[in-house]
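J.: Here it is, the structure in full.
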There are 2 protein chains.
Amino acid sequence: MTDPAAQAARENPQGFEVDGNLTGYIGYNLKRALSIVQSDLARVLSAFELRAVSFSALSIIVDQPGLTQTRLADALQIERSNLVNIIDELAGRNLIVRAPVAHDRRRHALMPTPAGKQLAAAMQASVVDHERKLFAGITAAERAELQRILHKFRKSAAA
Amino acid sequence: MTDPAAQAARENPQGFEVDGNLTGYIGYNLKRALSIVQSDLARVLSAFELRAVSFSALSIIVDQPGLTQTRLADALQIERSNLVNIIDELAGRNLIVRAPVAHDRRRHALMPTPAGKQLAAAMQASVVDHERKLFAGITAAERAELQRILHKFRKSAAA
């Protein structure tokens, strides 16, 4: 005995058409696209035992050694309390160190360790590869246009 | 005495440039764009006392009266256990009813009430208005292109 709903779900794993009236919203389509990316990214990053947000934090610290926790929280748009857990995780794995800031005992500059730089490079290569494969169904011109429009939107929303 | 990091955060509320090396990833840009949309959408939907996912569920039920919970969970790409809470919330507010499915006592068809249809229409108008204002910084052609590329990506990822 077959279950028609379960069969429909198997044949339609992305839920197409059922959500037809929502696909007119840009927000809904951004969410569905991001879900696909996040699910594949989680698979890729699990090999490194770091979540996406920790990868983002490590990447920024490697790119801008010495930035403060406040500035990193601002860059990642997360609460400072959440950032503390991420910083603890990265420091606990010896990927970064907290260095004192001259003339300001309350603040710390975040510095990558050699191991942190090495891991960030390996992860970045994996993430580039994940995006290359995942977005193979749209052309290079479409990927570039997608990036351009998303940047333009973000800038306009910040203005 | 000014705090340079706090001042930078005020002048740069979207964290531009600090996250420079991440903006090459499509996934990261999708996430940042979606965060902007979700934050504005939450403000708009709070007037109706429903979250975005409950709005999505109600919209689908109004659009496709009689669909099953399994099919709705599939459309929204959420676990059935999470869907139960949403269904309870919508039914508790008399926006939908669970109708029995002929010849299958285990399943229920979801039907909107007149109040549910009315609220969905009012919410949809508000969400259309929110997107029109929020995306005013990109052109109509760019919005259409963004939608087209996101749809194409989603279809390609499902294939």
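J.: Please tell me if residue A:74 is modelled with pLDDT under 90 and either within 8 Å of another protein chain (Cβ to nearest Cβ) or assigned to a helix (DSSP H, G or I) (or both).
T.: yes
Yes or no, residue by residue, for (1) within 7 Å of chain B (Cβ to nearest Cβ); (2) hydroxyl-bearing (Ser, Thr, Tyr); (3) surrounded by 19 or more Cβ atoms within 10 Å (Cβ to Cβ):
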| residue | (1), (2), (3) |
| --- | --- |
| A:97 | no, no, no |
| A:100 | no, no, no |
| A:104 | no, no, no |
| A:112 | no, no, yes |
| A:120 | no, no, yes |
| A:126 | no, yes, no |
| A:132 | no, no, no |
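J.: Evaluate the following for residue A:24: is it farther than 30 Å from residue B:56 by Cα and more than 7 Å from chain B (Cβ to nearest Cβ)?
T.: no
J.: With the structure loaded, tell me whether residue B:82 is away from chain A (no Cβ under 11 Å) and under 20 Å from residue B:38 (Cα atoms) or whether it fails that test.
T.: Yes, satisfied.
J.: Would a scan of segment B:85-95 turn up a residue that is away from chain A (no Cβ under 12 Å), in contact (Cβ under 8 Å) with a residue 24 or more places away in the chain and more than 17 Å from the chain's Cα centre (by Cα)?
T.: The answer is yes; a qualifying residue exists.
J.: Scan segment B:37-52 for residues that are closer than 30 Å to residue A:144 by Cβ and either more than 10 Å from chain A (Cβ to nearest Cβ) or crowded, with 21+ Cβ neighbours inside 10 Å (or both) and report the count.
T.: The total comes to 2.
J.: Can you tell me which of (1) out of contact with any strand residue (DSSP E or B) (no Cβ under 8 Å at 6 or more places or on another chain); (2) of a type in the set (S, T, N, Q); (3) farther than 29 Å from residue B:149 by Cα is the one residue A:77 doesn't meet?
T.: Exception for residue A:77: condition (3).
J.: Can I ask one more? If residue B:136 passes every condition in (1) loosely packed, with under 15 Cβ neighbours inside 10 Å; (2) within 11 Å of chain A (Cβ to nearest Cβ); (3) in a helix (DSSP H, G or I); (4) within 20 Å of the chain's Cα centre (by Cα) but one, which one does it miss?
T.: (3)
J.: Oh, and also: Please go through segment B:53-66 and pick out each residue that is at the interface with chain A (Cβ under 9 Å from one of its Cβ atoms) and surrounded by fewer than 18 Cβ atoms within 10 Å (Cβ to Cβ).
T.: B:63
J.: Among the residues of segment B:56-71, which ones are free of Cβ contacts under 8 Å to residues at least 12 places away in the same chain and assigned to a helix (DSSP H, G or I)?
T.: B:63, B:71, listed by residue number.
The values are calculated or read from the model by the stated rules, or taken from the named source; none is laboratory data. The shown structure was predicted, so the numbers you read here are calculated from the model rather than taken from an experiment. Glycine gets a Cβ as well: all are built from the backbone with ideal geometry, and neighbour counts include every protein chain shown.
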